[in-house]
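In what follows, a structure is listed as structure tokens, so that the remarks can point back to it.
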Amino acid sequence: MKIIISPAKKMRVDNDTFVPLSKPEFLDKTASLFEELRQKDLPTLQKLWECNDEIAELNFKRLQTVNLERNLTPAVFAYDGLQYQHLAPNVLEEEALDYLQKHLRILSGFYGILRAFDGVVPYRLEMQARLACEGYKNLYAFWNSLLYDELTKDDGEVLNLASKEYSKAVEPYVTKDVRFVTCVFAAYVKGKLKVKATEAKMARGEMVRLCAENNVQSVDEVKAYNVRGYVYNEALSSETEFVFVKE
């Protein structure tokens, strides 16, 4: 089983806690994106990144100074969003960290797909960013089926904990021989089920941590977990979508 999650916009450098164990699979294509970004001026990049002046200047400076093969941080420690705070890799034991390296895959606009301990540098490039590269009009076209092929080359089950922006990079290529299950975390608001983005990010991170701590090997095993008060609802679920409801 493989678990897919989204990256976070906020990143950090941590060269002291753990050493990267591997390199990103598609580093050559990342290098192409890197050079494409470096050719653009600050106003163009700020528009592409859709961010404020401070964030734009920080990431513009990174593009001028960073080396894709030096000063690397293991991917699961490099991202600093809510999902990763609740995944809490810093408190996991060695067996659980080994599990993440084997089973967790982080989808990325810049790197394509990452193992937990692939070494990365800080960057800003969301999958939906309108960046043309190598003749492709956007990143979905640029990555094409590469991410799905890598994800499923030795596995027939995928637990999708990624946001729609990122799962869109692999879902169109799902074949009948692969079981692809999306987890939905929702709560009733005025009698209707709603997904609260912040709560969902926390729940996704906690679900990954539970999988790692319990050595989960099949998507069906996650049905047993209570994740931040979200409980599996069989009546609302299907073969391709597991719905967890907070009453």
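Each value in this text was obtained by applying a stated rule to the coordinates, not by laboratory testing. Just so you know, these numbers come straight off a predicted model, no measurement behind them. Cβ atoms come from the backbone with ideal geometry, glycine included; neighbour counts cover every protein chain shown.
Kindly indicate which of A56, A88, A116, A78 is touching a Leu at 6+ places or on another chain (Cβ under 6 Å) and among the aliphatic types (A, V, I, L, M).
Being touching a Leu at 6+ places or on another chain (Cβ under 6 Å) and among the aliphatic types (A, V, I, L, M) holds for just one of A56, A88, A116, A78, which is A116.
Output the helices (runs of 4 or more DSSP H) that fall wholly within the range 129-247 and possess 1 or more residues being among the polar types (S, T, N, Q) and more than 23 Å from E25 (Cβ to Cβ), or say none.
197-213
Quick one: would you say R209 is basic (K, R) and touching a Lys or Arg at 6+ places or on another chain (Cβ under 8 Å)?
For R209, the condition - basic (K, R) and touching a Lys or Arg at 6+ places or on another chain (Cβ under 8 Å) - is not met.
When the residues of the range 164-199 are narrowed to those that are aromatic (F, W, Y) and buried (at least 17 other Cβ atoms within 10 Å of the Cβ), which ends up nearest to V227 (Cα to Cα)?
Per the criteria, the residue is F185.
Could you check the range 27-53 and list, in sequence order, the residues that are farther than 13 Å from Y123 by Cβ and either polar (S, T, N, Q) or touching a Phe, Trp or Tyr at 6+ places or on another chain (Cβ under 7 Å) (or both)?
S32, Q39, L42, T44, Q46, N52 - these are the residues of the range 27-53 that are farther than 13 Å from Y123 by Cβ and either polar (S, T, N, Q) or touching a Phe, Trp or Tyr at 6+ places or on another chain (Cβ under 7 Å) (or both).
Which of the residues spanning the range 87-124 are farther than 24 Å from E213 by Cα and surrounded by fewer than 23 Cβ atoms within 10 Å (Cβ to Cβ)?
Those that are farther than 24 Å from E213 by Cα and surrounded by fewer than 23 Cβ atoms within 10 Å (Cβ to Cβ): V121, P122, Y123.
Within the range 133-182, take every residue that is under 20 Å from D220 (Cβ atoms) and among the small types (G, A, S) and give me the one that is farthest from the chain's Cα centre (by Cα).
By that ranking, first place goes to G156.
Scan the range 200-221 and report the pairs whose first residue is over 14 Å from Y232 (Cβ atoms) and whose second residue is of a type in the set (G, A, S) and outside any helix (DSSP H, G or I), with Cβ atoms within less than 7 Å and a gap of 6+ or a chain change.
K201/G81; R209/A88
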